[in-house]
Amino acid sequence: MVYKNILTQIANSVCTVTVNRPDKLNALNKETIAEIGQAVKAAEAESSVRVIIITGSGTKSFVAGADISEFASYTDQQGKELARHGQQVFNSIEKCTKPVIAAVNGFALGGGCELAMACHIRYASDNAKFGQPEVKLGLTPGYAGTQRLPRLIGMGRAIELLITGDMIDAQEAFRIGLVNKVTTQEELMNACLQLAGKIIQQAPVAIAEVLKCVGDYQSKTTDGFETEIQSFGYCITTEDFKEGTAAFLEKRKPVFKGK
Ligand code: COA
């Protein structure tokens with residue numbers, strides 16, 4: 001698949017999706033959001049891929065938000081459609097059956113912070129900056145920032161960031177649990193690849209089931225406790241479970257097949 005605004009690369013079971021609009025600090029226009037959705041879907045379907053990493057091109061910005069020039073003259077209807085589409089794509093990232101890591105290599109503002117939050121895990125470089133500056137433009141977030149930020153950092157801190165539009169640096173994002181790790185810019189990709197390497201050693205079906213269970217914890221319609229019971233029972237039927245337990249008992253490393 002040829003994309004206009006993103007780059008994709010598959011190596012060692014990791015698909016890296018790079019938002020590539022450096023002259024706009026990787027701001028997300030509609031086309032870019034659609035392409036990210038397509039790339040994640042393709043990586044999910046590609047059996048050689050085990051982990052997906054999303055990052056931004058260059059060293060200054062992960063994603064500096066939705067493309068302000070695109071929606072500046074929108075009607076309310078167009079605004080709703082833009083938000084709905086963005087939420088659909090970001091929800092599909094959160095629901096991806098393969099782990100998605102955000103490698104936040106610079107500004108993660110507005111839609112950029114929302115994209116990072118839709119990923120399962122966030123690592124950041126020490127120059128990264130996070131924020132939801134929409135109120136400065138007379139807007140609310142549109143890609144679920146009001147929903148995911150409170151879940152990740154708690155209601156009080158989230159509301160403060162959402163209604164001041166303040167930016168926080170990577171260390172503060174780490175302190176409040178918005179990111180899992182902070183590295184130098186040079187080390188960021190290596191750290192994400194190391195994390196991916198650890199994940200890749202585990203059983204693929206079990207990983208997909210864990211992601212499903214955790215996703216249902218946040219669901220208002222599905223009981224995540226019940227999902228976990230079902231997933232536990234299902235995993236017991238897999239070849240990977242037999243291999244994992246046999247390897248433990250035989251004191252050797254398991255070789256998982258994802259079945
Ligand atoms: N949408 C469209 N274009 C954007 C953009 C966005 N969200 N963020 C940055 N750009 C563009 C700028 O317009 C500029 O384009 P130009 O060179 O054609 O003028 C280019 O990217 C570089 O940005 P610039 O503002 O000159 O860089 P900076 O280092 O001075 O500031 C930011 C960086 C991130 C602080 C600043 O660009 C910014 O505040 N961006 C908007 C963030 C935002 O409000 N996001 C939420 C949108 S809902």
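The values are calculated or read from the model by the stated rules, or taken from the named source; none is laboratory data. Note that the structure is predicted; figures quoted are calculated from it, not measured. Cβ sites come from the backbone with ideal geometry, for glycine too, and all protein chains shown count toward neighbours. We work out accessible area using only protein heavy atoms, side chains counted, and drop any ligands, DNA or RNA first. Shrake-Rupley method; radii C 1.70, N 1.55, O 1.52, S 1.80 Å.
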Restricting region 48-68 to residues that are in contact (Cβ under 8 Å) with a residue 40 or more places away in the chain and more than 17 Å from the chain's Cα centre (by Cα), the one most open to solvent (accessible area, probe 1.4 Å) turns out to be Lys60
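Quick grid of which residues meet (1) touching a residue at least 60 places away in the same chain (Cβ under 8 Å); (2) open to solvent by 70 Å² or more (accessible area, probe 1.4 Å):
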| residue | (1), (2) |
| --- | --- |
| Ala118 | no, no |
| Ile121 | yes, no |
| Val135 | no, no |
| Leu149 | no, no |
| Leu152 | no, no |
| Lys181 | no, yes |
| Met189 | yes, no |
| Leu195 | yes, no |
Might you let me know whether region 91-104 holds any residue that is open to solvent by 10 Å² or more (accessible area, probe 1.4 Å) and within 12 Å of the ligand (Cβ to nearest atom)? no
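Out of all the residues in region 17-46, which are part of a helix (DSSP H, G or I), among the charged types (D, E, K, R) and either more than 25 Å from Lys98 (Cα to Cα) or free of Cβ contacts under 8 Å to residues at least 12 places away in the same chain (or both)? Can you show your working first?
Initial filter on region 17-46 (part of a helix (DSSP H, G or I)): 22-24, 30-45.
Retained after the next criterion (residues that are among the charged types (D, E, K, R)): 23-24, 30-31, 35, 41, 44.
Hits for region 17-46 are Asp23, Lys24.
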Check Val255, Val205 and return the single one that is farther than 16 Å from Val104 by Cα and surrounded by 18 or more Cβ atoms within 10 Å (Cβ to Cβ). Val205
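Could you tell me which of the residues Gly79, Gly106, Gly86 is closer than 20 Å to Leu139 by Cα and touching a strand residue (DSSP E or B) at 6+ places or on another chain (Cβ under 9 Å)?
Gly86
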Residue under evaluation Met167, criteria (1) open to solvent by 20 Å² or more (accessible area, probe 1.4 Å); (2) free of Cβ contacts under 8 Å to residues at least 40 places away in the same chain; (3) of a type in the set (A, V, I, L, M), criterion not met: (2)
